[in-house]
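Q: Submitted below is the structure of interest, expressed as structure tokens.
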Amino acid sequence: MNSGSFKKLEHALTWLKWWMTGLVALVLVGAFGGVDHLLEPKKESVPKVRDMAKTNSGDLFVADVENGIHIPSGMIAEGDFGVVLQNCLACHSSKLIIQNRMNAESWRKTIRWMQETQNLWDLGENEDKIVAYLGKHYAPIKTGRRKPLVVEEWYTIE
Ligand code: HEC
């Protein structure tokens with residue numbers, strides 16, 4: 001190899017070196033999301049519904065309760081209503097719950113159905129609380145009608 005081609009090779013290697021350095025830098029910036037996160041203050045993380053499901057409390061919602069009703073959802077604000085709000089309103093409106101009155105057993109079946117077909121998560125120990133709340137506050141409506149009379153003997157009015 002004469003000194004001319006050696007110079008060329010050296011030149012090429014220098015370029016290659018810088019080029020690689022640039023590439024590595026780009027990959028690093030990409031991997032760590034640039035430098036923005038170094039400059040911006042950390043944003044408060046918003047709790048996910050799943051995390052919230054662990055916060056076992058209606059306290060989060062008391063500010064919105066008036067006359068025993070959680071105003072935004074229209075649901076009865078008693079007992080474990082907080083757990084119900086956290087777990088049951090992620091996919092649909094509370095109307096779907098309020099207009100469906102059932103006993104505890106049917107509520108559990110509805111929950112099971114949503115778990116099997118609608119991706120409702122495992123409610124763990126909250127399931128019993130939710131079922132108890134729904135079975136109590138969203139039980140089938142008693143119409144208040146008296147039982148039909150049992151007529152033993154018919155008579156004719158003269
Ligand atoms: C992961 C999403 C999801 C969550 C969370 C969820 N549901 Fe549902 N639920 C659905 C879907 C989807 C439907 C069907 C909606 C429709 O038919 O428009 C449904 C339907 C219903 C119905 C109507 C059933 C029927 O027979 O028509 C009731 C009642 C109900 N949900 C109650 C609840 C309760 C109580 C909870 C809390 C334990 C809950 N849902 C949580 C997805 C969910």
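Q: Based on what the data block shows, is residue 93 in a loop (DSSP other than H, G, I, E, B) and either closer than 19 Å to residue 69 by Cα or touching a helix residue (DSSP H, G or I) at 6+ places or on another chain (Cβ under 9 Å) (or both)?
A: The answer is yes for residue 93.
Q: In the set 73, 93, 57, 45, which member is in contact with a Ser or Thr (Cβ under 6 Å, 6 or more places away or on another chain) and either at pLDDT 85 or above or small (Gly, Ala, Ser) (or both)?
A: None of the others qualify; the one that does is 73.
Q: Report, ordered by the first and then the second residue, all pairs with beta carbons closer than 7 Å, sequence separation of six or more or different chains, a first member in region 96-120 that is near the ligand (Cβ under 7 Å from one of its atoms), and a second member that is in a helix (DSSP H, G or I) and of a type in the set (Gly, Ala, Ser).
A: 107/135
Q: Select from region 96-154 the residues that are assigned to a loop (DSSP other than H, G, I, E, B), surrounded by 14 or more Cβ atoms within 10 Å (Cβ to Cβ) and among the small types (Gly, Ala, Ser) and list them in ascending order.
A: 139
Q: Scanning region 67-90 for residues that are on the phi < 0 side of the Ramachandran plot and part of a loop (DSSP other than H, G, I, E, B), which turns out nearest to the ligand (Cβ to nearest atom)?
A: 90
Q: Given the conditions (1) hydrophobic (A, V, I, L, M, F, W, C); (2) closer than 23 Å to residue 59 by Cα; (3) touching a residue at least 40 places away in the same chain (Cβ under 8 Å), which single one is not true for residue 141?
A: If we test residue 141 against (1) hydrophobic (A, V, I, L, M, F, W, C); (2) closer than 23 Å to residue 59 by Cα; (3) touching a residue at least 40 places away in the same chain (Cβ under 8 Å), just (2) comes out false.
The values are calculated or read from the model by the stated rules, or taken from the named source; none is laboratory data. All figures in this text were calculated on a predicted structure; none of them were measured in a lab. Virtual Cβ from ideal backbone geometry, glycine too; neighbours counted across all protein chains shown.
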